[in-house]
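The values are calculated or read from the model by the stated rules, or taken from the named source; none is laboratory data. Being a predicted model, the structure only gives us computed values, none of them experimental. Reconstructed Cβ throughout: ideal geometry from the backbone, glycine too, with neighbour counts over all protein chains shown.
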Amino acid sequence: MNRIEIETRLNTDRAWLLETLAAMSPADLYAPRTPSEHDPSQTWSYADHFVHTTLIERNWNDMFRRHLSGGQGMTLGRSKDGSQQSREEVMAGIHRWTEDWAAKHRGKPLDELVRVGLETRAETLKLLSELTQEQLDSKIPGTPWADGTVGGIMAANADHGRTHFKWAKEGTLAPR
């Protein structure tokens, strides 16, 4: 995937998501929609799903930098001692991490959530501007997202927002 395709997807899908969320009433934006995957007694709203996508994008930017600097890009799935975690352990950790982030931002005005997301998106676009096509095509070992390349995963940020919006709209979570 090339720089133009990636930037177009990132901008088009973010504009759609921002316009859609901004058109919602606060009651709809913050209404409970889906149970938390970490703590089913908590529920996520459209706003919680939106701010979740920012956390993942930030994490992916860090992963790209680690990978491109020669480090282990994909650190998910390893215990502190380096041993492989089970899928259940990995997912439990991800759900706890994302629930903590959602709780930290829960109830904040949409404008503040957009500001946090814009800061991260600016970081993504800056990173995109600095990478060569060879770096965008570089595969990150062990990644399950998109085609596993830096560019493919970067572009997947666009799909991530639409996916979470769909889950919130349907009141469902990812298929298990």
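Restricting region 28-58 to residues that are among the acidic types (D, E) and under 17 Å from the mean Cα position of the chain (by Cα), which is surrounded by the fewest Cβ atoms within 10 Å (Cβ to Cβ)? Checking each candidate, the answer is E37. Residue check: K104 meets all listed conditions (1) part of a helix (DSSP H, G or I); (2) of a type outside the set (D, E); (3) at pLDDT 95 or above; (4) farther than 17 Å from P35 by Cα but one, namely (4).
Select, from E130, E123, E134, E119, the only residue that is modelled with pLDDT of 95 or more, touching a helix residue (DSSP H, G or I) at 6+ places or on another chain (Cβ under 8 Å) and of a type in the set (D, E, K, R).
Numbers: E130 fails: touching a helix residue (DSSP H, G or I) at 6+ places or on another chain (Cβ under 8 Å); E134 fails: touching a helix residue (DSSP H, G or I) at 6+ places or on another chain (Cβ under 8 Å); E119 fails: touching a helix residue (DSSP H, G or I) at 6+ places or on another chain (Cβ under 8 Å).
Selected residue: E123, the only one of E130, E123, E134, E119 that is modelled with pLDDT of 95 or more, touching a helix residue (DSSP H, G or I) at 6+ places or on another chain (Cβ under 8 Å) and of a type in the set (D, E, K, R).
As a summary of the residue check, A146 satisfies the conditions (1) of a type in the set (A, V, I, L, M, F, W, C); (2) over 13 Å from E5 (Cα atoms); (3) in contact (Cβ under 8 Å) with a residue 24 or more places away in the chain; (4) in contact with an Asp or Glu (Cβ under 9 Å, 6 or more places away or on another chain) except for the one numbered (3).
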